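Peer 1: Have a look at this one before I ask anything.
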Amino acid sequence: MAQPHRWQRAVVTGGAGFVGSHLCTALLAEGASVVCVDDFSTGRPENVAPLRDHPGFRLVEADVAEPFEVGEPPDLVLHFASPASPADYLRLPLHTLDTGSLGTRNALWLARESGARFLLASTSEVYGDPQRHPQSEDYWGNVNPVGPRSVYDEAKRFGEALTSAEANAHGTNTGIVRLFNTYGPGMRGHDGRAVPTFIRQALAGDPLTVTGDGRQTRSLCYVDDTVRGILAMAASDLRGPVNLGNPDELSMLELAHLVIELADSRSTVRFIERPTDDPAVRCPDITLARDKLQWEPRVAARDGLARTIAWFRDHPGT
Ligand code: NAD
């Protein structure tokens with residue numbers, strides 16, 4: 001495993017979001033000062049409240065699709081701003097496209113002007129409804145460019161194109177990570193993603209709403225593993241894209257039953273309509289991350305889900 005890099009100053013766009021707030025915490029723990037740039041469109045002040053008194057932490061409330069200022073030049077820019085759950089990006093379609101395009105351009109400019117390492121948070125959604133399984137980085141994907149989900153998928157694909165062009169045209173030090181479904185403490189119970197939805201429903205004793213017949217699969221990575229992979233990628237000089245995810249694939253029905261068991265809940269399962277263009281399968285090939293970053297997930301689904309359920313119990317109404 002690459003040694004942790006001693007960053008001086010990191011900018012984390014989307015730092016008040018679920019993954020971003022864990023990244024801010026990890027960077028501060030490594031001794032970096034951190035500027036979190038967030039417009040709170042989907043993030044929450046509570047996520048960064050524990051960091052507000054840290055002398056190395058600063059919050060800049062700004063929309064990254066507009067020009068923004070961060071003060072002293074950073075040596076690392078982690079570009080994580082973007083609505084990420086289907087409920088959010090379907091509610092904020094144009095904002096999602098602006099953030100993925102203009103926001104990525106502004107974050108890249110900041111990295112270029114500062115001579116910083118830049119990392120784009122891309123997504124397994126660039127693979128769309130995949131015709132190859134598991135998905136490796138050389139698979140180009142199967143995305144409907146005009147479907148409702150395209151506002152997210154195509155924004156991320158454009159962000160990858162922009163990041164690659166920036167590195168080629170200006171020699172900016174860029175990397176791209178393709179994150180697969182990540183879960184853990186700090187998610188919102190109503191963000192529409194399967195894990196927080198199932199946990200909220202299980203803790204309330206409500207039926208767990210499984211879409212379709214529940215046979216569609218996802219591969220769930222605990223947030224601590226994802227953050228470790230992101231920081232390993234940041235510390236490397238790889239351009240990527242590099243998949244970061246847990247290859248332990250679960251059907252949605254298996255996940256629902258696991259959450260019911262771990263939450264010790266009496267909830268049942270209710271099947272509801274499957275959303276348009278919902279991918280049938282999702283599983284990362286992480287050979288590249290294993291070989292080049294010596295990274296692989298360590299937290300099993302049972303453990304990660306148990307920790308996440310415990311967090312939701314401690315944060316009712318989240
Ligand atoms: P999130 O919604 O919790 O966090 C996103 C953050 O970005 C929020 O705090 C939001 O307020 C902020 N934001 C959105 N648009 C902005 C803008 N224009 N200007 C400034 N801030 C803005 O989502 P997340 O799950 O933490 O995802 C973070 C990143 O990781 C996203 O880029 C997402 O696409 C990527 N990703 C996440 C997952 C996952 O499973 N969580 C999977 C793949 C990719």
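The values are calculated or read from the model by the stated rules, or taken from the named source; none is laboratory data. Remember, predicted model here, so these are calculated numbers, not experimental data. Cβ: placed from backbone, ideal geometry, glycine included. Neighbour counts: every protein chain shown. These area figures cover heavy atoms from the full protein model, side chains too; ligands, DNA and RNA do not enter into them. Shrake-Rupley method; radii C 1.70, N 1.55, O 1.52, S 1.80 Å.
Peer 1: Enumerate by residue number the trypsin sites (Lys or Arg not before Pro) in the range 33-100 meeting two conditions: DSSP loop (anything except H, G, I, E, B), and at most 15 other Cβ atoms within 10 Å of the site's Cβ.
Peer 2: Those that pass, being in a loop and sparsely packed, are Arg52.
Peer 1: Additional query: Take the Cβ-Cβ distance between Arg270 and Asp303 as r, set R0 to 30 Å, and report the resulting FRET efficiency rounded to the nearest 0.05.
Peer 2: 0.65
Peer 1: Given contacts defined as C-alpha pairs under 8 Å and at least six residues apart, what's the relative contact order of the chain, whole-number percent?
Peer 2: 18
Peer 1: Let me ask something else. Once you place label points 7 Å from the Cα toward the Cβ at Asp213 and Ala310, how far apart are they in nm?
Peer 2: Label-label distance for Asp213 and Ala310, simple model: 3.8 nm.
Peer 1: Sorting check: for 13-21, 67-75, 258-266, which peptide has the highest mean count of neighbouring beta carbons within 10 Å, and how do the rest follow?
Peer 2: Averaged packing, sorted descending, gives the order 13-21, 258-266, 67-75.
Peer 1: In whole angstrom, note down how far apart the Cα centers of the range 57-94 and the range 289-314 are.
Peer 2: About 25 Å separates the Cα centre of the range 57-94 from the one of the range 289-314.
Peer 1: How much of the accessible area of the range 110-186, probe 1.4 Å, is carbon plus sulfur, in whole percent?
Peer 2: 50
Peer 1: Any idea how far apart Asp237 and Phe40 come out in nm if each label point goes 7 Å out from Cα toward Cβ?
Peer 2: 4.2
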